[in-house]
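These notes are about the structure you will find just below.
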Number of protein chains: 2
Amino acid sequence: MARAANGRTVTSKDVARVAGVSQSTVSYVMSGKRPISEKTRRLVQDAIDQLTYQPNAGARALASQRTQVIAVVVPFDSTLGAAGLMAFIEEITLAARQHDHDVLLVTAEEGGDGLRRVAGGALCDAIVVMEVRTADPRAAIARDLRVPTLFIGFPADADGLHCIDFDFEAGARLLVTELAAGRRVAVLGWGPEATERDLNYVPRFRRAAQEAAAAQGVALDWVPVERDRVEAQVQDVLAAGHRSLLVTTELTRVVHAVRSAGLQPGTDLDLVALATDADATGFPVPVTAVSTHPRDVSRQAMAWLFGLLEGNSGEAQVRSVPASITRRRSVRDPLPGPTPPVPPA
Amino acid sequence: MARAANGRTVTSKDVARVAGVSQSTVSYVMSGKRPISEKTRRLVQDAIDQLTYQPNAGARALASQRTQVIAVVVPFDSTLGAAGLMAFIEEITLAARQHDHDVLLVTAEEGGDGLRRVAGGALCDAIVVMEVRTADPRAAIARDLRVPTLFIGFPADADGLHCIDFDFEAGARLLVTELAAGRRVAVLGWGPEATERDLNYVPRFRRAAQEAAAAQGVALDWVPVERDRVEAQVQDVLAAGHRSLLVTTELTRVVHAVRSAGLQPGTDLDLVALATDADATGFPVPVTAVSTHPRDVSRQAMAWLFGLLEGNSGEAQVRSVPASITRRRSVRDPLPGPTPPVPPA
DNA sequence: TTGTATGCGTTATCAC
DNA sequence: GTGATAACGCATACAA
């Protein structure tokens, strides 16, 4: 519709009048859903340009049952941190625009009702849910929504749902392997907040890390990091003689604490992390890390989602995004050879 | 509309049928735009509940010319950083929901076309533009959009626009005053990226800082921080004998660098910053800082915006959100007295 | 206090 | 290849 210079709204009817064709022809020119002679196509297109016509989204949605909108459920208080969240959101938005869709924000705070609201009100054509919990009430709700819903993360009962996530298990194996040259490993892992939140990737990572350590015959201590006690916790770990640290959260504070203790990663001890590249490289000594690749996860999620919207409905399923490790300078004796492939379970 | 158990869409007509009233009555019950007898109100409400009816957003928008959507233009690559951005977005989303609106994300990358797209297509009732530039082409475009547009930041030509921002001038004065006990001040200020981006608050802050320093008879050196050279730049500044540092960006790296040089803020030198509370308190020695209060700015922006939408159209104008300083432990001899009020220009 | 009827701006089915 | 025309689901002016 847009607005004409005179302030009135421009509709496809106006375009039709100017172009000297019927309104339906205008619609078909825009959608390309039926053959149009080159002559009328030009006529219509010129009228559109001249009037700067833009179709009315509401009317279009009403008539076509398509909103061209993807709703994204955002956990603003995510333990992921703002940077990770933004990476997800940006990538999702980009992908959406590439498919001529827009993104509607829904706060995770709204819970399952939020899903019902945007789906039931026909505000969107699909939903992306971030930071899924193990026992996530939204799983059941999503099952009988009128729109396809994609979960980033794996709920315990993923049956009939579309779920995708980073391969935390493989990430854990890579990190443990990188450290475990016969030394015992201390994991500065997600703490109470993450556990209380029932984040599904925490146990996934933890179990895989423990299994990998066991398989290599080294001990693994899991220290649940508390945001406000990092300094003390790191001191304890170091005092206990640990010199192989695996950090999954609060990397900045941990590195600070290590340096406060007069130790240097890569020189006095080994430190690896699960962190974004930006976080891992933000220190004087860049940290060897497995990135959770939020952008890759988002991209794949959106590719999948648009596949679903185009009818390649595909069975509900669960997908993983591969892990890889980037060696930097925070480990004293990196294992020989190039960055290893993902180790099998 | 939602969906009935049978999978069909539920409309207000269905509700009307079940309640034994006319469709318009259903509409009026929902909107409250005309008196309804308690009896039929109950009838209708029961039918709504029973059918879990939800109005169709597209139809509603089409009929009412109201989308109940606020578009937010997000600069994903903001120098503000992810945390700041998220704070803005969250607060905007919360405010929107409180007014029964939703938030549509638009990437700043789309530029002025993005504004035209969402306004012209009737995808939203209003637009919020973040991170406005001094010479911002979106200013001119916003002037003849069919929806009210609120700028967070001040373009050079704010005429006829609604603009709001943190009071960077007052912030600068507070920070300089806090440091300027006769010592010269080094400002580790926004660097090339911010300058190239033509961010309007950079010159605002800088000019005010310089004037405040001049007024107090102290010298002020402005060092444009380059993300990858922070360490060296800080060393230079310290080598030059500076012991009063004012940081506007990259606080984490600067503090790292200072500590690497063997100095401790609050003990060996004074350090104040323009930073969010979260950033300022993330160090062993919490930093005396002026917060840009992204949440306050957002809240006020949204309050203003909804005022506009409700017809309190108000003249176009420019508004500032007051600055205040929080004293922590990074300054050796804090000025006596409580946190001072905003100094006049 | 309630019902009837029209319009919002598209899409898509018929008919030509 | 093109033009009428009937939905789409709701809001609201007009009647009663």
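Key figures
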| read-out | value |
| --- | --- |
| Buried accessible area, chains A and B (both chains, 1.4 Å probe, Å² to nearest 100) | 3900 Å² |
| Long-range HN-HN contacts of residue A:102 with modeled amide H, under 5 Å | A:69, A:70 |
| Over chain B, relative contact order from alpha-carbon pairs under 8 Å, at least 6 apart, % | 15 percent |
| Rounded to 5, the percent of DSSP beta bridges in the protein assembly as shown classed as antiparallel | 15 percent |
| Members of the stretch B:83-103 that become less accessible by 20 Å² or more once partner protein chains are added (1.4 angstrom probe, chain alone as reference) | B:86, B:89, B:90, B:93, B:94, B:97, B:102, B:103 |
| Angle between chain B longest axis and helix B:294-309 axis [Cα atoms, degrees, rounded to 10] | 40 degrees |
| Degrees, to the nearest 10: A:168-179 long Cα axis against longest axis of chain A | 30 degrees |
| Cα gyration tensor category, rounded, prolate or oblate, for the stretch A:45-132 with a/c compared to 1.5 | oblate |
| Shape call, the protein assembly as shown: gyration tensor on alpha carbons, a/c limit 1.5 | oblate |
| Calculated from backbone phi, Karplus (6.51, -1.76, 1.60) coupling profile of the stretch B:86-92 in Hz, x at Gly/Pro | 4, 4, 4, 5, 4, 5, 5 |
| Per-copy distances of the residue B:264 label point, shortest first, in nm (7 angstrom along Cα→Cβ) | 2.1 |
| Average accessible area per residue (Å²) across the stretch B:147-214 - probe 1.4 Å, nucleic acids and ligands excluded | 32 Å² |
| Calculated from backbone phi, Karplus (6.51, -1.76, 1.60) coupling profile of the stretch B:135-151 in Hz, x at Gly/Pro | 9, 9, x, 6, 4, 4, 5, 4, 4, 10, 9, 7, 10, x, 10, 10, 9 |
| Accessible solvent surface per residue of the stretch A:1-76, calculated while the other protein chains remain in place, 1.4 angstrom probe, Å² | 56 Å² |
| From phi via Karplus (6.51, -1.76, 1.60), per-residue ³J(HN,Hα) for the stretch B:112-119 in Hz, x at Gly/Pro | x, 4, x, 4, 4, 4, 6, 6 |
| Length-normalised contact order for the stretch A:168-287 - Cα pairs under 8 Å, 6+ apart - percent | 31 percent |
| The stretch A:57-109 - percent relative contact order, Cα under 8 Å, separation 6 or more | 47 percent |
| Using alpha-carbon coordinates, inclination of helix A:38-51 to the longest axis of chain A, degrees | 70 degrees |
| Centroid-to-centroid separation of the stretch A:1-62 and the stretch A:63-132 [C-alpha atoms, Å] | 30 Å |
| Highest-first arrangement of B:84-94, A:30-40, A:72-82, A:188-198, where packing means the average Cβ count within 10 Å | B:84-94, A:72-82, A:188-198, A:30-40 |
| Solvent-accessible area, 1.4 Å probe, carbon plus sulfur percent, for the stretch B:2-64 | 52 percent |
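The values are calculated or read from the model by the stated rules, or taken from the named source; none is laboratory data. Bear in mind that the values here come from a model prediction, so they are computed numbers and not experimental data. Note that each Cβ is placed from the backbone with ideal geometry, even for glycine, and that neighbours are counted across all protein chains shown. For the accessible areas, the whole protein counts, side chains as well, though only heavy atoms, and no ligand, DNA or RNA atoms are used. Shrake-Rupley method; radii C 1.70, N 1.55, O 1.52, S 1.80 Å.
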